[in-house]
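Working notes for the structure below.
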Amino acid sequence: MSRAEGIERILRRREERAQELAAVEHVAAGLDQALVRLETARVALTAKVDDDARAELDLVAAGIADLRRGVAAVRRDVGRTDARFRRPTLTIGAVGRSGQGKSRFLQTLTGLTSQEIPAARGGFMTGVPSLIRHGAGSTSAEVEFHDEASFLEDLVRPYYAALGLGSPPASLNAFRDDEFPELPEGSGTRAVSAHEHLRNYREHLHAYRGHLDGHVRVQPIKPAEIIRFVAQHDGQGHAIHDFRAVRRVRITAPFGADDLGKLAVVDLPGLGDTNLRDEHLLRQAIDGEVDIVLFVRRPDPFRDDVHDTDIDLYDIARNALPELALDRWSFLLLNVVRSEDGDNAAMVEQFPGMVRRSPMRVVDIIAANCTDATEVAAAFDRVVDHAVSVVDELDGSLLQRRRQELEVLLAEAQRLVTDARALSARAAPQGAWFPRFLDLFNVAHRALARSLERLVREFQEDATATDEELMEQIRQAVQVAREEIVAPTIGEIDDRRDEAGSYSAALAELVDETRARVSRQFLALDVALKARVDAMHRAVAEVLRDAGRLGTLGPQEGREFLEMLAEQVPAASGELSYGLRFVADFTLNYRGFIQHRVRRSLRNFAPDTIQFRTDAGPGDIQYILEELIAETLSDIEYELERMAHEPYEAVFAVAEEFRDRVLRSEGAQDEWRALYESLRSEVWADEFEALAANTALFNHWNQAVAAVAAVAETAV
């Protein structure tokens, strides 16, 4: 696999991982929505319960708040990782303190000049990140500006927070016009320097404010204009301020090698002073744009070591993406300077030993003269080859980390659900209404029990009766079959013989076809069977609606009412839930009730049982088929008429089982009471009108708890 193919493979795999990450985001977003719903229900319920339950609801509130903070953190991390997976390039970031040669390294690598990648003496040069993408053809560029909000949030607010300057300005006008805040007493020299940087932003606002108007936007620029938006000065000592309004500049230019398609490098502002903006940009870039970090360091030719400033820079990079060990995706490039007055080759040889004695850990330490195209290309090749070999594995680690973070949240959500469910029974506002509810429930339950017993007795009395509707359909089906299923004519038999090759073969085909026609004739009996079951469902539902006073729950009838009521049953009501679903799911159909009886009679059509002489002709075949049809239809009619009472018997058995489950089982009455309690404001609206709002709130609470539980059980 070539290097270009390796980069392409990584980017394709990232597209797949972005889809997997989208599933994590979907679950996290669903959990947040469910928690918002639960908190809304908690707030509404808190004012309606007694003091003990209110105190426990307050504890649940703390759990909801903690979990929502965790969800927000996970979603931020998912967003960061998603941005990584959706980048169109594999990106290497050049990082270093000012004046170490990183911009010069990128110039030599890309063939660009100081016009496109500013690198000059005379102070801090690079002011904003430059993303340089490999592309054929001439150099092109575009600049992305801040808008007012992002400028204040990303660039101004960090100074106010770090320096203790109070509330940051809410607008550009306030930043310009309000009294400039003074540093707290006792501030150190670094704070004083940073304060001066902030003052420069304010004093020169007029020079760059025009770029901040409107929304964040991208503007194409000519290569000659790049320095205006990237550099802090023009290399001749004249300050430039446009960079202060810029998020980043993107440059497209051909790299030296042919196999660096979809590769990019990032030139970041050099660190070294107290400009808080540059540290923020570095963290942001490493987290959101960089796959491999290339630290650039130019050892001093006379005396040098790994300084605190080097460790600070390393720590900034390490903390920007703490999920991945920096020593797996960072390099240290030592800039070799060869000149009579500043040759640092000896120090470059000693410096790796100094690094090994320091906290800094990188994949490799590479020495190269940043002005030598051959050495720069060789160094860059080593970095790119490592990136191709390791980035996919790092991506997989990040995806797994996001999944694990979500799994932790889902486990916490399950614990929250347990606490919330334990609270439900104590949170229900009972005191004023419960005695009256018991009276009403006892009356309704006795009426329901009496009516259901009577219905079961009615079904029992009919259990041995013939289902006349089914009997009539059986007779009609047999009559139609006798009229429509007839033996073929002599001519038709002769034609079949010519097609099949012999009379015996013709007979076998005609027997099979006739058997299939007879079988299809009785499929319509499904209608009568369904009608019998529908009648049973309507009768049971009518008892529940009328005698049980449950008709106020909705307009549904028959099976639809039974299914709706089953959905209302509390989860802990096992017997009642089973009984309702058992009776609602009961059905009689042709396949399970009649088909096997018809097929039993169709055994007459088994070809191996038919006696056929070798000298038989078409008349013999016609006679055989006529006899088979008549005999089979008579057998079917006899068999089906014998079972015409069985639908009634089956209906009785189902109704009796339902009665035993919902009336006779241990604890069944308690389950009915729990159901009626949850539905009291709907069953007895007049009695409980004043308390209906409380009940609705309690129901909303239970539904909200169930919504959190459903998300918490999601597999990721």
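Run the helix sum for the chain: -39,500 (n - 2.57) per DSSP H stretch of 4+ residues, divided by residue count, reported at 222 nm to the nearest 500 deg cm²/dmol.
Calculated from helices alone, the mean residue ellipticity at 222 nm is -19500 deg cm²/dmol.
Arranged by the count of other C-beta atoms within 10 angstrom, fewest first, what order do 530, 222, 102 take?
222, 530, 102
In percent, what relative contact order does the chain have, based on Cα pairs under 8 Å that are 6 or more apart in sequence?
It comes to 18 percent, rounded to a whole number.
Compute the angle between helix 373-427 and the longest alpha-carbon principal axis of the chain, please, reported from 0 to 90 degrees and rounded to the nearest 10.
For 373-427 against the chain, the angle is about 50 degrees.
Please tell me the relative contact order of the stretch 121-208 in percent, rounded to the nearest whole number, where contacts are Cα pairs under 8 Å and at least six residues apart.
The normalised contact order for the stretch 121-208 reaches 23 percent.
Where both partners of a DSSP beta bridge lie in the chain, what percent of those bridges are antiparallel, to the nearest 5?
40
How high is the relative contact order of the stretch 441-696, given as a whole-number percent (alpha carbon pairs under 8 Å, six or more residues apart)?
Here the relative contact order equals 35 percent.
Can you list the aspartates and glutamates whose alpha carbon is less than 12 Å from that of residue 530, not counting same-chain residues fewer than 8 positions off?
Partners found: 469.
Quick check on packing: order 372-385, 33-46 by the mean number of other C-beta atoms within 10 Å, highest mean leading.
The densest-packed peptide leads the list: 33-46, 372-385.
Based on Cα coordinates alone, diagonalise the gyration tensor for the stretch 441-696, multiply each eigenvalue by 5, take square roots, and list the semi-axes in whole Å, largest first.
Rounded to whole Å, the semi-axes are 56, 16, 14.
So what's the chain giving for Rg/Rh, alpha carbon basis, Kirkwood Rh from the mean inverse pair distance?
Reported Rg/Rh (Cα atoms, Kirkwood Rh): 1.23.
Within a 10 angstrom radius of the beta carbon, how do 150, 681 rank from fewest other beta carbons to most?
150, 681
How far, in degrees from 0 to 90, does helix 468-484 lean away from the longest principal axis of the Cα atoms of the chain, to the nearest 10?
Taking Cα atoms only, the helix is inclined about 90 degrees.
Rg and Dmax of the stretch 434-579, using alpha carbons, in Å: what are they?
For the stretch 434-579, the Cα-based Rg and Dmax read 26.4, 88 Å.
Taking only Cα atoms, what is the 0 to 90° angle, nearest 10, from helix 574-585's long axis to the longest principal axis of the chain?
It works out to around 70 degrees.
Determine which aspartates and glutamates satisfy two conditions relative to residue 262: a Cα distance under 12 Å, and not lying fewer than 8 residues away in the same chain.
5, 8
Where a number appears in this text, it was derived from the coordinates with a stated rule and is not lab data. Everything numeric here is computed off the predicted structure, so don't read it as measured data. A quick note on method: Cβ atoms are made from the backbone with ideal geometry, for glycine too, and the neighbour counts reach across all protein chains shown.
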